[in-house]
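Read through the structure below, which is laid out as structure tokens, and then see the notes.
The values are calculated or read from the model by the stated rules, or taken from the named source; none is laboratory data. What you see is a predicted model, and the numbers here were worked out from it, not measured in a lab. Here the Cβ positions follow ideal geometry from the backbone for every residue, glycine too, while neighbour counts run over all protein chains shown.
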Amino acid sequence: MPQPPSSPIRIGSATHPAPLSPQQQQFDTLVQRIAVQRELLAAWDEAVGAYRERYAREFEPLLATYRALSTQLAQWLDTAADRKGLSRADRATLGEIVAGLAGDLADSAPDEAARAAMQALRDRHAGGGDAERADGPAMAQETPGLDPDSPEEVLRRVEEQMHAAQARAEQARQAHHAARRRRKPPSARERQEREQAQQASQSLRDVYRKLASALHPDRETDPAERTRKTALMQRVNQAYAAGRLLDLLQLQLEAEQIDPAHIAHLGEERLSHYNRVLADQLAGLQREVQAAQHAFCAEFGLDPSSQYKPSKLMTRLRTQLQHLQQDAHHLRLLLRALEEDPDELKRWLRHERAAMRAADAFPGELPDW
């Protein structure tokens, strides 16, 4: 992360009590919003690091235990499927439970051997293997009239497709050229926006050049001062490359090229250029915050459309840990009851069948570990 300014630059202050112009107000607002986004980005970095450490230390081992218990239950039920005394409804319920368990375990398997074993178990109870084998003939019929055993027929069809693609490309090229010929010259508003963007970029370059001229370490004879200027110049280069005008202005303060009064007395046109650069800097920080949240969701398999706050991440993880501990405990109790009492299986299947009917009537989300 870039090093933030030591103190925010503001025009409105005790040293500048006069009413602020619209451009000055916008400058202060942008500076404040940039500071907020920087704090939020730093909070994401800190929170994700703490979350990742505790997730690896506590959640992953517990999740492995939960999956091992789920595997044990799926295999026990698979063996019990041939037990005498089960009704047709019992066997259907048992098969649905095993297929669901095995499918989830296959999706999260740690290696290919475990995945293959769970896929086989799922297919045995859900008929998935037959469905997959039926795909072959269907694939052969995807192209009507094409004989896959005839090289001449295949070559003819490929050539037809190539000619069609070339024709479409030529049409697109001609349409593009026609659109270019019809394109109108830029409007006055477009020209104005282009000029403003160029002026904003020039303002950024002007600040950079002043800093580079004053801080270039090669012109310094004192070793200690050369070291200081080298460090400052590195920050200048980083800020300029990222388009961070606020950082460059802060560096000007540190280099004593300007003071707060200098910013307060800038003309409206120059402030307008600065505000445009600051708005771009704010938008860049907002994208960084959004990218940090999306990266967090991708790393831990969470819904990226949900809104997460850095301050709430550890609370969320603690809740997940509690739920997973409870689920693992319930699995242990269930396995023990099934193994110790021969009649428990039928009672449990009746309970699960009723729960499935209730879930169909009132669907909701299941725990996603």
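Listing for the model above:
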quantity: Residue within the range 239-259 that is surrounded by fewer than 21 Cβ atoms within 10 Å (Cβ to Cβ) and more than 15 Å from TYR208 (Cα to Cα) present; calculated: yes
quantity: Per-region count, the range 281-293, residues of a type outside the set (A, V, I, L, M) and either in contact with a helix residue (DSSP H, G or I) (Cβ under 8 Å, 6 or more places away or on another chain) or surrounded by 17 or more Cβ atoms within 10 Å (Cβ to Cβ) (or both); calculated: 4
quantity: Breaking point among (1) at pLDDT 95 or above; (2) under 30 Å from GLN290 (Cα atoms); (3) buried (at least 16 other Cβ atoms within 10 Å of the Cβ), for ARG38; calculated: (1)
quantity: Test: TYR274 is more than 17 Å from LEU41 (Cα to Cα) and either touching a helix residue (DSSP H, G or I) at 6+ places or on another chain (Cβ under 8 Å) or not polar (S, T, N, Q) (or both); calculated: yes
quantity: Residue match in the range 68-78 (condition: free of Cβ contacts under 8 Å to residues at least 60 places away in the same chain, among the acidic types (Asp, Glu) and either touching a strand residue (DSSP E or B) at 6+ places or on another chain (Cβ under 6 Å) or assigned to a helix (DSSP H, G or I) (or both)); calculated: yes
quantity: Residue match in the range 8-19 (condition: under 22 Å from ALA242 (Cβ atoms), modelled with pLDDT under 70 and surrounded by fewer than 12 Cβ atoms within 10 Å (Cβ to Cβ)); calculated: no
quantity: When residues of the range 99-124 are limited to those that are charged (D, E, K, R) and in contact (Cβ under 8 Å) with a residue 12 or more places away in the chain, the one farthest from LEU77 (Cα to Cα); calculated: ASP104
quantity: Filter result for THR65 (over 27 Å from the mean Cα position of the chain (by Cα) and without any contact (Cβ under 8 Å) to a residue 24 or more places away in the chain); calculated: no
quantity: Residue in the range 42-55 that is over 26 Å from LEU345 (Cα atoms), small (Gly, Ala, Ser), touching a helix residue (DSSP H, G or I) at 6+ places or on another chain (Cβ under 6 Å) and in a helix (DSSP H, G or I) present; calculated: yes
quantity: Within the range 65-74, considering residues that are surrounded by fewer than 17 Cβ atoms within 10 Å (Cβ to Cβ) and of a type in the set (S, T, N, Q), the one nearest to GLU339 (Cα to Cα); calculated: GLN72
quantity: First in the range 321-335 and assigned to a helix (DSSP H, G or I), second anywhere and among the charged types (D, E, K, R), Cβ under 8 Å, 6 or more apart; calculated: LEU321/GLU58
quantity: Filter result for GLU58 (modelled with pLDDT of 90 or more and acidic (Asp, Glu)); calculated: yes
quantity: Complete set of residues in the range 304-321 that are at pLDDT 90 or above and either of a type outside the set (Val, Ile, Thr) or surrounded by 18 or more Cβ atoms within 10 Å (Cβ to Cβ) (or both); calculated: TYR308, LYS309, PRO310, SER311, LYS312, LEU313, MET314, ARG316, LEU317, ARG318, GLN320, LEU321
quantity: Pair list, Cβ under 7 Å, 6 or more apart: the range 266-283 residue closer than 10 Å to ARG33 by Cα and in contact (Cβ under 8 Å) with a residue 12 or more places away in the chain, other residue of a type in the set (S, T, N, Q) and assigned to a helix (DSSP H, G or I); calculated: LEU282/GLN37
